[in-house]
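Q: To start, I am sharing the structure in question, which I have written as structure tokens.
The values are calculated or read from the model by the stated rules, or taken from the named source; none is laboratory data. Quick caveat: nothing in here was measured; it's all calculated off a predicted structure. In this analysis, Cβ positions are derived from the backbone assuming ideal geometry, glycine residues included, and neighbour counts consider all displayed protein chains.
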Amino acid sequence: MSAQLFGNYIDGAWTEGPAFDNVNPANTGEVVGRFVKGAPEDVTRAASAAQAALPGWASMNAPARGALLAKVADILDRKFEAISAEMTREEGKTFPEAKGEVRRSINILRYFAAEGARLAGVLAPSERDRVHMFAIRKPVGVCGLITPWNFPSAIPAWKLAPALICGNTVVLKPASAAPLSSWRIVEACHEAGIPKGVVNYVAGSGGALGEALVTAAPVKAVSFTGSCGVGAWLHEQASKRRLRIQLEMGGKNPTIVLADADFQAAVENTVNGAFFSTGQKCTATSRAIVEESIYDRFVEAVVERTKKLKVGDGMQAGIDIGPCVDEGQMNTVLEYVEIGRKEAGEPLCGGRRLTEGGLDKGWFVEPTVFAGVTQEMRIAREEIFGPVLAIMKARDFRHAMELANSSEFGLSASLQTTNLSRMFEYVYGIEAGLVTVNLPSAGVEYQLPFGGTKDSSFGPKEQGPAAVEFYSDFKTVYVKY
Ligand code: NAP
């Protein structure tokens, strides 16, 4: 049976045309779907459709927009299991992880649906008599949304939902490695009756479509999540046109483990942060920075726990870790393992591509632990984006903080401790946008602002109330009565 063809969605209609394959990274013989390969002209047409739909959508009252978003959430909820399974098949994360992500997308849509009844402006007393003054929110305009493959549903959802509730219209460009999960959201928007042109979707090559999107005249804002290189290029292009822009990019996230930590929980949190979702979360732990007095014991426990992780097809029960998303990503991981071998010696576990027992059909890499890693090594500084953990030794808390902060990135960080004073020193001193204590470095909820600092991010934060700031503008009104 040949795979289903998924068209682009422009001005309320599905398009046809030459397609590219969306392949299961756990079994490359399986084509999950065929996606119409969008061209720059499609992006231009989508941006024009979004522009034409803008006045109608922006003038619909916000609770009514919210009711439509709630309908989108309900449609996804009805297809919850099937959509989650598709995500595992297109991205590789385990079925429980995929279900967690789809649930999150549904919750994000419901959260921003409810925001339709708030969307608070500002009201302040005037210094002048009989003057009433206030500021109301208005949409920014057509928004270009460019998303990565690692959270193929949640990231599109957390850009699309706040953009729409604020009255903007959008053109979404999903990652080529996992375009189906966001296609399902767009399909649900169509089924929910969101007017034509409000939501547009164009899949295809990032370079060509990205350029068309950032230069399309109607586009007024760009929200991007992905790699630093692409983010920097987009920023340059967007700046020329003075577009509003938001960039969420790479990380090299530390977990600091102090001697006073709950030892077993610290091991669990480190392993979870480093390896779940195959280390392909932007907030994954890639450096464990461990206090000297427990270093040896901690390394031993992490290695022992890591060896128990089961790698395989994420649709099978009991699997902890799925494949890398594609061959390119797997090769990057394996190249870094070789760099690690030269820098830090043989890994204490892992370090190989897995091919036994049918795994040769996918892009599987053993979870890998390097110990004795020092700050100047590339595996301590560069984002790998795979199941590779570098363990570093710190003399004490201060030294651990120094090592943690000596990175150009600042996305997330975790501290394992039972010392309240250290906890607050860390909270105020760590250079990261997302900070956890006694939890893995990864694991984000939608109700609070999300985003990094330093080279990891640029522009206003995403999610929670912060999202509304990016996707709306103020109009300030003075009335003499
Ligand atoms: P990527 O290669 O930068 O791709 C991200 C998106 O940009 C994709 O849709 C891609 O399309 C598109 N793209 C590629 N070249 C482009 C260009 N010249 N102009 C405009 N768009 C372009 O990143 P990725 O490999 O998908 O994702 C992994 C990276 O994302 C990691 O660095 C990770 O840390 C980061 N990430 C960050 C966060 C965060 O919140 N900070 C969250 C998740 C991921 P194609 O797929 O067609 O190439």
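Q: Checking the condition within 12 Å of the ligand (Cβ to nearest atom), at pLDDT 95 or above and in a helix (DSSP H, G or I), which residue from Ala208, Ala212 passes?
A: Working: Ala208 fails: at pLDDT 95 or above.
Sole residue among the options that is within 12 Å of the ligand (Cβ to nearest atom), at pLDDT 95 or above and in a helix (DSSP H, G or I): Ala212.
Q: Separate question: Pull out all pairs, ordered by first then second residue, where Cβ-Cβ is under 8 Å, the residues are six or more apart or on different chains, the first lies in region 81-94 and is part of a helix (DSSP H, G or I), and the second is surrounded by fewer than 24 Cβ atoms within 10 Å (Cβ to Cβ) and among the basic types (Lys, Arg).
A: Correct list of pairs: Glu81/Lys99; Ile83/Arg184; Ser84/Lys99; Glu86/Arg184.
Q: When residues of region 403-455 are filtered for being under 23 Å from Gln264 (Cα atoms), aromatic (Phe, Trp, Tyr) and either outside the structural domain of Gly372 (by TED's automatic domain parsing) or touching a strand residue (DSSP E or B) at 6+ places or on another chain (Cβ under 6 Å) (or both), how many remain?
A: Number of matching residues: 1.
Q: Which condition number does Glu402 fail, the rest of (1) of a type in the set (Asp, Glu); (2) farther than 30 Å from Met330 by Cα; (3) touching a helix residue (DSSP H, G or I) at 6+ places or on another chain (Cβ under 8 Å) being met?
A: (3)
Q: Condition first: in contact (Cβ under 8 Å) with a residue 12 or more places away in the chain, over 22 Å from the mean Cα position of the chain (by Cα) and more than 14 Å from Pro387 (Cα to Cα). Now tell me which residues in region 327-342 satisfy that. Steps first, please.
A: We begin by selecting, within region 327-342, every residue in contact (Cβ under 8 Å) with a residue 12 or more places away in the chain; these are 327, 329-330, 332-334, 336-337, 339-340.
Keeping just the survivors that are over 22 Å from the mean Cα position of the chain (by Cα) gives 334, 336-337, 339-340.
Result: Ile339, single match.
Q: Any residue at all in region 258-267 that is within 16 Å of the ligand (Cβ to nearest atom), touching a Phe, Trp or Tyr at 6+ places or on another chain (Cβ under 9 Å) and in contact (Cβ under 8 Å) with a residue 60 or more places away in the chain?
A: For region 258-267, residues within 16 Å of the ligand (Cβ to nearest atom), touching a Phe, Trp or Tyr at 6+ places or on another chain (Cβ under 9 Å) and in contact (Cβ under 8 Å) with a residue 60 or more places away in the chain: absent.
Q: Please indicate, with yes or no, whether at least one residue in region 359-373 is touching a residue at least 60 places away in the same chain (Cβ under 8 Å), assigned to a helix (DSSP H, G or I) and surrounded by fewer than 24 Cβ atoms within 10 Å (Cβ to Cβ).
A: Checking region 359-373: at least one residue is touching a residue at least 60 places away in the same chain (Cβ under 8 Å), assigned to a helix (DSSP H, G or I) and surrounded by fewer than 24 Cβ atoms within 10 Å (Cβ to Cβ).
Q: Give Ile384, Ile319, Ile289 a once-over and let me know the one that is modelled with pLDDT of 95 or more and not in a loop (DSSP other than H, G, I, E, B).
A: Numbers: Ile384 fails: not in a loop (DSSP other than H, G, I, E, B); Ile319 fails: not in a loop (DSSP other than H, G, I, E, B).
Exactly one of Ile384, Ile319, Ile289 is modelled with pLDDT of 95 or more and not in a loop (DSSP other than H, G, I, E, B), namely Ile289.
Q: Right, another one. Hey, can you tell me all the residues within region 394-420 that are more than 14 Å from the ligand (Cβ to nearest atom) and either in contact with a His (Cβ under 9 Å, 6 or more places away or on another chain) or under 25 Å from Phe450 (Cα atoms) (or both)? It would help to see each step written out before you state the result.
A: The first filter runs over region 394-420 and keeps only residues more than 14 Å from the ligand (Cβ to nearest atom), leaving 394-406, 414-420.
Once the filter is applied, which keeps residues that are more than 14 Å from the ligand (Cβ to nearest atom) and either in contact with a His (Cβ under 9 Å, 6 or more places away or on another chain) or under 25 Å from Phe450 (Cα atoms) (or both), region 394-420 yields Ala400, Met401, Glu402, Leu403, Ala404, Asn405, Ser406, Ser414, Leu415, Gln416, Thr417, Leu420.
Q: Restricting to region 218-257, what's the tally of residues that are part of a loop (DSSP other than H, G, I, E, B), near the ligand (Cβ under 7 Å from one of its atoms) and touching a Ser or Thr at 6+ places or on another chain (Cβ under 9 Å)? Even if it seems obvious, please write down each step before you answer.
A: Taking region 218-257 as the starting set, the residues that turn out to be part of a loop (DSSP other than H, G, I, E, B) are 218, 226-227, 241-243, 249-252.
Within this subset, residues satisfying the condition of being near the ligand (Cβ under 7 Å from one of its atoms) are 226-227, 249-251.
This time we only want the ones that are touching a Ser or Thr at 6+ places or on another chain (Cβ under 9 Å), so: 226, 249-251.
Of the residues in region 218-257, 4 are part of a loop (DSSP other than H, G, I, E, B), near the ligand (Cβ under 7 Å from one of its atoms) and touching a Ser or Thr at 6+ places or on another chain (Cβ under 9 Å).
Q: Looking for whichever is touching a strand residue (DSSP E or B) at 6+ places or on another chain (Cβ under 7 Å), in the same structural domain as Ala73 (by TED's automatic domain parsing), part of a strand (DSSP E or B) and closer than 19 Å to Val171 by Cα here; the options are Leu145, Leu123. Which one fits?
A: Values: Leu123 fails: closer than 19 Å to Val171 by Cα.
Testing whether each residue is touching a strand residue (DSSP E or B) at 6+ places or on another chain (Cβ under 7 Å), in the same structural domain as Ala73 (by TED's automatic domain parsing), part of a strand (DSSP E or B) and closer than 19 Å to Val171 by Cα leaves just Leu145.
Q: What is the one condition in (1) assigned by TED's automatic domain parsing to the domain that holds Pro162; (2) within 12 Å of the ligand (Cβ to nearest atom) that Thr476 does not satisfy?
A: (2)
Q: Just to check your reading of the model, which residue among Ala266, Ala203 is crowded, with 24+ Cβ neighbours inside 10 Å and not in a helix (DSSP H, G or I)?
A: Values: Ala266 fails: not in a helix (DSSP H, G or I).
Checking each option against the conditions leaves just Ala203.
Q: With respect to Gly452, is the statement that it is of a type outside the set (Asp, Glu) and more than 22 Å from the chain's Cα centre (by Cα) true?
A: Numbers: of a type outside the set (Asp, Glu): yes; more than 22 Å from the chain's Cα centre (by Cα): no.
So Gly452 does not fit the description; no.
Q: Pull out all pairs, ordered by first then second residue, where Cβ-Cβ is under 8 Å, the residues are six or more apart or on different chains, the first lies in region 169-183 and is more than 21 Å from Ile106 (Cβ to Cβ) and of a type in the set (Ser, Thr, Tyr), and the second is in a loop (DSSP other than H, G, I, E, B) and more than 13 Å from the ligand (Cβ to nearest atom).
A: If the second residue must be in a loop (DSSP other than H, G, I, E, B) and more than 13 Å from the ligand (Cβ to nearest atom), the pairs left are Thr169/Gly141; Thr169/Gly197; Thr169/Val198.
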